[in-house]
1. Nearest 20 debye, what's the magnitude of the dipole of region 219-279 about its Cα centre given +1 on Lys and Arg Cβ and -1 on Asp and Glu Cβ?
2. Which percent of the accessible heavy-atom area of the chain goes to carbon and sulfur, probe 1.4 angstrom?
3. Roughly what % of DSSP beta bridges within the chain run antiparallel, to the nearest 5?
4. Of the peptides 292-305, 56-69, how do they stack up when ordered by the mean number of other Cβ atoms within 10 Å, highest first?
5. Which of Thr158, Met225, Ala242 sits farthest toward the positive end of the charge dipole of region 107-266, with +1 on the Cβ of Lys and Arg and -1 on the Cβ of Asp and Glu?
6. Report the Cα-based extents of region 293-373 along its three principal axes, largest first, to the nearest Å.
7. Restricting to Cα pairs below 8 Å that are 6+ residues apart, what does the relative contact order work out to for region 286-350? Please round to a whole percent.
8. Please report, largest first and rounded to whole Å, the three semi-axes of the ellipsoid equivalent to region 94-149, where each semi-axis is the square root of five times an eigenvalue of the C-alpha gyration tensor.
Amino acid sequence: MLGRQRYSLGFRMNYLLIPKELRSIAEKIEAQQRISETDALALYRSNDLNALGMIANVTRERKNGNYASYIHNRYINYSNICVLSCQFCAFAAKKRDAHAFEYAIEEIIGAVREALPLGITEVHMVGGLHPSLKKEWYLELLRGLHALDPDLHIKAFTAIEVRHFAQRIFRMSIHDTLETLREAGLGSITGGGAEIFDPVVRDKICRGKETAAEWLDVHRAWHQMAGRSTCTMLFGHIETIAQRVDHLRQLRELQDETGGFTGFIPFAFEPSQSHGILADIKRASAFEQLRNLAVSRIYLDNIEHLTAYWVSLGLPLAQVSLSYGVDDLHGTILEEKIFHMAGATTPQQQTVASLEHAIREAGREPVQRDSFYRHLNGDKRLARPDERELVCA
Ligand code: SF4
């Protein structure tokens, strides 16, 4: 891993405001010691949200100072046609379904071409596990996007898409599949598809999907190729807090091994279209979203960045989360489909001005970043030489 900037600890713990049961954890954080899974459970059980925020903020400011970043990006979902039918997913469709869609390569390239003059630095592209698109289709798409602008970072495909390509389409090893995608222009893989690692919960909310070990194996292989990726957790459905902690533990362990995760992005389950075992789930409250972010920040001591996904939280709550461990507000996105097909009522995009305004109003310093959370200035170069040290992996 590259060297990291450590900011001086301007923000100190006020132990008078921390309840007795959390003080030993707060002391560990101040002493830069790792907390245990038992500690993480104690944090999740606490209702003292401000104390959690204060502890999380110590880690946040130590890692990222007063900066809060965002990326100028364009989302693309190339198709929602999928061989699986994950119970929680309102995005996927079968070919015969009225809401099925599949864009042609020229349409996708055209959409990205239109977004380039806006200054995007990244295209973020995922889709369903398509039953019939061929290897050449994906490679031609990547090559076409790369040819549009070689500096445009292509962040694409979840670990489960990569596994689908490897097993059913490319018929290659995971390593060779990733290498083939990279040669065609892939810059990094996305963190989606992790859901919750617990096998019993997985069997109930996404039967047939890759296991935790398989998800982790794809990211491990990518990291071993010097690739970088983000990681995620889908929470707020039928999982327990112990299962959340177990999920975080497995991410932290892989990060100890590879150092390849640049940031962590938790998503709350969107229940508007849910049915079956998920029918009666209520949307995670603002309190729960902030608590989950704060605990994640405190526990994941080896992942430099914590992103609040405003599509799920809404920008107002994402703004508040900047005081609960978060140092990144994700991106402009320009067109989000997955959460909105599930019923999200947040906007489909944000302007740079609205993200920067939200950050400034929260008392943080906005900074545009690239796909690896490196700070940029207006002409896409690192803002100040010393900020090279901010590179997290
Ligand atoms: S979550 Fe992904 S794999 Fe599962 S049904 Fe939806 S698109 Fe397919």
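1. Dipole magnitude for region 219-279 comes out near 120 debye.
2. C and S atoms contribute 51 percent here.
3. Looking only at bridges with both residues in the chain, the antiparallel portion is about 5 percent.
4. Per-residue Cβ counts within 10 Å, averaged per peptide and sorted highest first, yield 292-305, 56-69.
5. Ala242
6. Over region 293-373, Cα extents along the principal axes are 34, 25, 23 Å.
7. 33
8. Output for region 94-149: semi-axes of 23, 14, 9 Å.
The values are calculated or read from the model by the stated rules, or taken from the named source; none is laboratory data. Since the model is a prediction, treat every value here as computed from it, not as a measurement. Cβ sites come from the backbone with ideal geometry, for glycine too, and all protein chains shown count toward neighbours. Each accessible area value is taken on the protein alone, full model and side chains, heavy atoms only, with ligands, DNA and RNA left out. Shrake-Rupley method; radii C 1.70, N 1.55, O 1.52, S 1.80 Å.
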